[in-house]
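The values are calculated or read from the model by the stated rules, or taken from the named source; none is laboratory data. Small disclaimer: the values here were computed from a predicted structure and weren't measured. We place every Cβ from the backbone using ideal geometry, glycine too, and count neighbours over all the protein chains shown.
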Amino acid sequence: MLLYLHIPFCDSKCHYCAFHSYTDRIDRRGAYMEAVRRQLLWDLERFGVDEGEIETVFVGGGTPSTVEAERYGAFFETLSPFLAPDAEITVEANPNSATPEWLRGMRALGANRLSLGVQSFDDGKLRYLGRAHDGQTALHALEAAREAGFGRISLDLIYNCAPDTPELLERDIALALQSGVEHLSAYELTIESGTTFASRPEAAKPDEKSARLVSETIRRGELEPYEVSNFGTPCRHNLGYWEGKEYLGIGAGAVGFVGKQRYYPVAAIEHYLADPTRRRIEALDAEALRTERIFLGLRSIVGVDPNALSSKQRERARILVDEGKLIKRDGRLYNDDFFLADELTLFILS
Ligand code: SF4
């Protein structure tokens, strides 16, 4: 069992971002952290979670570093007996709010992995994206994270946006690699409706060549891809999603998956605060789950169990193995070019 905790607060709204977060409700932090603890207690009981059963926790958002570390105390105290002894506990942070105090406080609560939303070290590109920090602040946050004792650090980078040049991307990746992080996530900019960039579609420069350039440059830096956008020592939490493990989804706008059902706690913060156990439930049929498993398995090192495919799909997969497009190893099917994942999945499903 995995656990995702959503923190829906941000200092400001980045121009590309469609995630569920508020920039004007920071005064609700205290009430919110009490509400997530109430939902946690309810979910642990409702789903019969055993002590020691939670293998990974991911605190994401929004921006978790907008909430002071001590406000997480009661949540982690409630969660603590349910954590496996070697649980991976990741917290996301933004460079401008990942202060030494916050980082030390989260370490003290048990966080052992940090995911820092850097996006770029280039000040012009950061301004263009509407980020609340500059390159220097990102480097300071990295240093502070090491000093606070985070051995496992991941950085996020964005590419394929208007200010990008091959040189800029190479410089960003070089700086990220020099900082000695064990993990990088590199995401292509996409234009989402409801964002500032929705009215400036020219902000995105879709280009498969630069996606490959990014991937190859990171690889040369010896962080191997384990999913189309992720490189280095795998995040166990993400691997768990792709392997189809169950997860609790705690917080306004989170998503959970238990017992072949997805559940969506109410997203509007005031409604969530009024009743954090309110949720919408989506039952997933076997076919939808199978399709998702194929798609996620082929875009990552997780691969696909052929026994989970229908006989027609198995036959299509066999053709791909014969053509050398999929690899069969220890009874599982693997794709070694994640950029082809969509194409291969569609072929199997056709
Ligand atoms: S900090 Fe992250 S969640 Fe908040 S607006 Fe920017 S990209 Fe979105």
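When you check Phe347 against the structure, is it within 26 Å of Tyr264 (Cα to Cα) and aromatic (Phe, Trp, Tyr), yes or no? In short, no.
A residue that is more than 17 Å from the chain's Cα centre (by Cα) and away from the ligand (no atom under 14 Å from the Cβ) occurs nowhere in segment 7-24. Of the candidates Tyr159, Tyr187, the single residue that is buried (at least 18 other Cβ atoms within 10 Å of the Cβ), closer than 21 Å to Tyr16 by Cα and of a type in the set (Phe, Trp, Tyr) is Tyr159.
Within segment 327-350, no residue that is over 18 Å from Ser310 (Cα atoms) and outside the structural domain of Ala308 (by TED's automatic domain parsing) sits with its Cβ atom under 7 Å from a residue that is crowded, with 16+ Cβ neighbours inside 10 Å and among the β-branched types (Val, Ile, Thr) at 6+ positions apart or across chains.
Scanning segment 295-350 for residues that are within 19 Å of Tyr241 (Cα to Cα), basic (Lys, Arg) and surrounded by fewer than 14 Cβ atoms within 10 Å (Cβ to Cβ) returns no hits. Number of residues in segment 55-87 that are β-branched (Val, Ile, Thr), within 19 Å of Val255 (Cα to Cα) and in contact (Cβ under 8 Å) with a residue 60 or more places away in the chain: the value is 2.
Looking at Glu182, Glu222, just one residue is at positive phi and surrounded by fewer than 18 Cβ atoms within 10 Å (Cβ to Cβ), and that residue is Glu222. Thr56 meets the conditions (1) crowded, with 23+ Cβ neighbours inside 10 Å; (2) within 16 Å of the ligand (Cβ to nearest atom); (3) more than 30 Å from Gln136 (Cβ to Cβ); (4) under 20 Å from the mean Cα position of the chain (by Cα) in every case but one. The failed one is (2). Counted as qualifying within segment 67-130 are the helices (runs of 4 or more DSSP H) with 1 or more residues that are within 16 Å of the ligand (Cβ to nearest atom) and more than 26 Å from Ala35 (Cα to Cα), namely 123-129. Taking residues in segment 18-39 that are over 16 Å from Gly61 (Cβ atoms), and partners anywhere that are part of a helix (DSSP H, G or I) and aliphatic (A, V, I, L, M), the pairs with Cβ atoms closer than 8 Å and at least 6 places apart or on different chains are Ala31/Leu273; Glu34/Ala74; Arg37/Ala74.
Against the criterion of being more than 28 Å from Leu114 (Cβ to Cβ) and in contact (Cβ under 8 Å) with a residue 60 or more places away in the chain, Thr277 qualifies.
Being at pLDDT 95 or above, more than 10 Å from the ligand (Cβ to nearest atom) and more than 23 Å from the chain's Cα centre (by Cα) is a property that Arg37 lacks.
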